[in-house]
1. Looking only at region 235-265, filter to residues that are in contact with a Ser or Thr (Cβ under 7 Å, 6 or more places away or on another chain) and touching a residue at least 40 places away in the same chain (Cβ under 8 Å); which one of those is farthest from residue 199 (Cα to Cα)?
2. Can residue 268 be described as aromatic (Phe, Trp, Tyr), surrounded by 12 or more Cβ atoms within 10 Å (Cβ to Cβ) and in contact (Cβ under 8 Å) with a residue 60 or more places away in the chain?
3. Hey, among the residues in region 156-175 that are closer than 12 Å to residue 134 by Cα and of a type outside the set (Val, Ile, Thr), which one's surrounded by the fewest Cβ atoms within 10 Å (Cβ to Cβ)?
4. Can you name the residue in region 176-211 that is within 16 Å of the ligand (Cβ to nearest atom) and not small (Gly, Ala, Ser) and is also surrounded by the fewest Cβ atoms within 10 Å (Cβ to Cβ) among such residues?
5. Checking residue 162 against (1) within 30 Å of residue 6 (Cβ to Cβ); (2) in contact with a Ser or Thr (Cβ under 6 Å, 6 or more places away or on another chain); (3) within 11 Å of the ligand (Cβ to nearest atom), which test does it fail?
6. So, in region 107-122, of the ones that are open to solvent by less than 40 Å² (accessible area, probe 1.4 Å) and part of a loop (DSSP other than H, G, I, E, B), which residue ends up nearest to residue 134 (Cα to Cα)?
7. Just to be sure I understand the filter: pairs with C-beta atoms under 8 Å, separated by 6 or more residues or on different chains, first member in region 148-166 and of a type in the set (Gly, Ala, Ser), second member crowded, with 16+ Cβ neighbours inside 10 Å and part of a strand (DSSP E or B). Which pairs pass?
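The values are calculated or read from the model by the stated rules, or taken from the named source; none is laboratory data. Because the structure is predicted, anything quoted here is derived from the model rather than measured. Don't worry about glycine lacking a Cβ; one is built from the backbone with ideal geometry, like all the others, and counts go over all protein chains shown. We work out accessible area using only protein heavy atoms, side chains counted, and drop any ligands, DNA or RNA first. Shrake-Rupley method; radii C 1.70, N 1.55, O 1.52, S 1.80 Å.
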Amino acid sequence: MQVIEDPKLLRSEIKKLKQQGELISFIPTMGNLHQGHLTLVKEGQLHAKITIVSIFVNPMQFNNAQDLANYPKTLAEDCAQLKEAGVDIVFTPTPEVIYPNGLNAQTFVEVPGISDSLEGELRPGHFRGVSTIVTKLFNLVQPDFACFGKKDFQQLAVIKQMVLDLAMPIKIIPVETVRENSGLAMSSRNSKLSEAEKLIAPKIAEVMNNIGQNLPTNSENCEQLIKDAQQTLNNSGFKTDEIHIVDPLTFAPLHKASKQAVILMAAFLGNTRLIDNLVVNLHQ
Ligand code: PAF
């Protein structure tokens, strides 16, 4: 496995691989890898012989300096796991090389609509940061396939739209969320939880599943369900940030024609913001 920091070296390696006719699967990450990331790697390996993983904590997608500073960085352990998993190249660029003119003197990629609602409304500029870095990484890595976890449900929708709108020749592969036995969705942020918080954390998935089971068919008014869920989470020690029940295709409120609902959860446990989501079929 090669660990490459320099984009120029990456480009020359990619050029060689392309000349040999190899297909490339790409898994962009921000490091602090866990089983969820390794599942993305496994999925990538099903589609192409060459797997490339990037590790880059993208400052542009953080709208809170503290959150960025606190983001766990475990490069040596990450590389050991990726080597073991049979990854071919790990790309580990620095912020200076990715954003040589700083974050604000830089072309942005913005997916309108989806980027501005829900998570995007709460974290202004977040999805612009994600679409810009993913475009840049796609241009450097030139993959045929790219794997993204369904845990970041809105992010996945933004990326799919971006690839469609900009006619990028890349197949986006959505991958199921990997969970602990407790039901807690795996996340790099889980490593920030204290022992006591770890015991409470699975409650977010429990409350979400409970909403899913009680979602009325033809559901248009979910306000009470959301209020009850917030109350339960807050009573358990969370500070609920947002709960939305929307149409997964449009991210708009459910309407009579909605075939599915997605329940989007975000709640703080101490300083750690946990997210999760569940897609539910609505029987009309
Ligand atoms: O999901 C993530 O880890 C990040 O948002 C991504 C896609 C690597 C872009 O920085």
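1. 251
2. Values: aromatic (Phe, Trp, Tyr): yes; surrounded by 12 or more Cβ atoms within 10 Å (Cβ to Cβ): yes; in contact (Cβ under 8 Å) with a residue 60 or more places away in the chain: no.
When the stated conditions are applied, residue 268 does not pass them.
3. 160
4. As a first pass, look at region 176-211 and keep what is within 16 Å of the ligand (Cβ to nearest atom): 176-178, 185-192.
If we keep only those that are not small (Gly, Ala, Ser) too, we end up with 176-178, 186, 189-190, 192.
Working: 176: 11, 177: 18, 178: 18, 186: 19, 189: 20, 190: 20, 192: 18.
Selected residue: 176.
5. Of (1) within 30 Å of residue 6 (Cβ to Cβ); (2) in contact with a Ser or Thr (Cβ under 6 Å, 6 or more places away or on another chain); (3) within 11 Å of the ligand (Cβ to nearest atom), only one is false for residue 162: (3).
6. 109
7. 149/175
Every residue, every condition in (1) within 11 Å of the ligand (Cβ to nearest atom); (2) at pLDDT below 95; (3) farther than 28 Å from residue 51 by Cβ, yes or no:
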| position | (1), (2), (3) |
| --- | --- |
| 123 | no, yes, yes |
| 126 | yes, no, no |
| 130 | yes, no, no |
| 143 | no, no, no |
